[in-house]
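Report on the following structure.
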Amino acid sequence: MRVLPATVSPLPGETVRSLYSRLVERNSLTAGELWTAIRKSKQGLPLRTTPEAAPDVVAQLDDLPANWFDRDDTTNRLFSRCIHNNWAHAQCARCSALPKPVTMCRRCASGMNVEVQSRAGAFCARHERWHYDGRDEAIGIPVAYARAERCLTGTLWARGIGLDTGEIELACEIISTYRELVDGAPYTGGADQQMRDFYPEAVELTAFLTAPSAQAFLRNRQIGHLPVAAMIEAAATAVASRSRNRLSSVNEMFCASGRELRLGDSATKPIRHGRSLEMGALGVRIRDNVPRIRAVFLRHDDARRPLPTWRDQPPRHR
């Protein structure tokens, strides 16, 4: 197709859908009108406006190379463990997934509504704005949010954890439950508001529960639900109090090494003879969700094995 009269400059990591929307707006068209013209020039496209189905055509409309969206920036991918990097955490162009598309900071995008897939979270540290899910809001305590953003795009990203992988959302639920018990009133905000209100605490709790010491505790199947619930309750309480010393002491209180387990201030005992724990209201609520918590916070450490091809299948015996 020929180039549209008015083109736009693509931003790093911008999605096909975002560039298509900006082209439509710049040329005073509707999404359906432009899609109808695309379908006439390229057969086999669906009736519904789906620019992701024709990225080469969208690139040509903006006077870009046809393979513009095929260029893969591996630095934006989440880390994963796969055979191509000897099972070490790394960014693999074949196995590592791209993060969920997020709305770019409006001030970074010069006021435009731009959607990108890049190594970014929900807070712009440069402009101190919350831009998750299309919002553009100022933050009252930007230091805590900036620290959380650095942790997400640094430590957690290297562990294969992003905004959409499940860990941050579950940590928000835990912190929200803790706040409900402390305040004595139910939290009425939705999932997006929950992410905004508890973002720093959720990122810090996720970083703690995906650290090697906590991972060893969660991965040990000889440890029952009660010790795990007690550890998560202690960690959530420490994170909510914003005391790093208190959070670091949780590792010393809950430690498993081989067949020995230390809980609280008790002496080290065999795991099967560990003493019973006294939990608060948060631990009681967490107890029934321990299998889900283990599955979510251990997910990032699973190795990605390539799918077997037809030639790799063993011969069938008749």
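The values are calculated or read from the model by the stated rules, or taken from the named source; none is laboratory data. Note that the coordinates shown come from a computational prediction; the quantities given were computed from them, not determined experimentally. Note that each Cβ is placed from the backbone with ideal geometry, even for glycine, and that neighbours are counted across all protein chains shown. The protein model used for the area step is the full one, side chains on, heavy atoms only, and it has no ligands, DNA or RNA in it. Shrake-Rupley method; radii C 1.70, N 1.55, O 1.52, S 1.80 Å.
Charges were assigned to the Cβ only: +1 to each Lys and Arg, -1 to each Asp and Glu. The resulting dipole of the chain about its Cα centre is roughly 1140 debye.
Its Cα gyration tensor gives region 1-153 an equivalent ellipsoid. The semi-axes, each the square root of 5 times an eigenvalue, are 31, 23, 11 Å from largest down.
In the chain, a dipole from Cβ-located charges (positive for Lys and Arg, negative for Asp and Glu) runs towards its positive end, and of N67, A216, V102 it is A216 whose Cα lies farthest in that direction.
Probe radius 1.4 Å, ligands and nucleic acids ignored: give me the carbon and sulfur share of the accessible area of the chain as a rounded percent. Using a 1.4 Å probe with all protein chains present, the chain comes out at 48 percent carbon and sulfur. Each of (i) 1.22; (ii) 1.36; (iii) 0.99 is a candidate for Cα Rg over 2.2 N^0.38 Å; the one calculated from this structure is (i). Computed over protein heavy atoms with a 1.4 Å probe, the accessible surface of the chain works out to 55 Å² per residue. Points 7 angstrom from Cα along the Cβ direction at N86 and E180: gap in nanometres? The two pseudo-label positions are separated by 4.8 nm. Go through Y178, W87, N27 and say which Cα lies farthest out towards the positive end of the charge dipole of the chain; charges sit on Cβ, +1 for Lys and Arg, -1 for Asp and Glu. Going by the charge dipole, the pick is W87. Efficiency by 1/(1 + (r/R0)^6): what FRET value for C255 and D133, r their Cβ-Cβ distance, R0 = 51 Å, to the nearest 0.05? About 0.85, to the nearest 0.05. Our helix-only sum for the chain, with -39,500 (n - 2.57) per DSSP H run of n ≥ 4 divided by its residues, gives a mean residue ellipticity at 222 nm of -11500 deg cm²/dmol.
Among S18, T155, V228, which residue has its Cα positioned farthest towards the positive end of the charge dipole of the chain, with +1 placed on the Cβ of Lys and Arg, -1 on the Cβ of Asp and Glu, and the dipole taken about the Cα centre? The Cα lying farthest towards the positive end belongs to V228.
Among the helices of the chain, those built from whole DSSP H runs whose Cα atoms reach 20 Å or more along their own axis and whose mean Kyte-Doolittle hydropathy is at least 0.0 are 167-183, 225-240.
Note on region 90-211: with charges restricted to the Cβ of Lys and Arg (+1) and Asp and Glu (-1), its dipole about the Cα centre is near 620 debye. Here T30 and N67 are evaluated by their C-beta separation; at R0 = 22 Å the FRET efficiency comes out at 0.20. Taking a ≥ b ≥ c as the square roots of the eigenvalues of the Cα gyration tensor, region 42-103 is prolate, since a/c reaches 1.5 or more and a/b is larger than b/c. Using the Cα gyration tensor of region 91-204, with a ≥ b ≥ c the square roots of its eigenvalues, what is the shape: rounded (a/c below 1.5), prolate (a/b larger than b/c) or oblate (neither)? Verdict is oblate for region 91-204. Cysteine residues of the chain whose C-beta has no other cysteine C-beta under 4.7 angstrom: C151, C172, C255.
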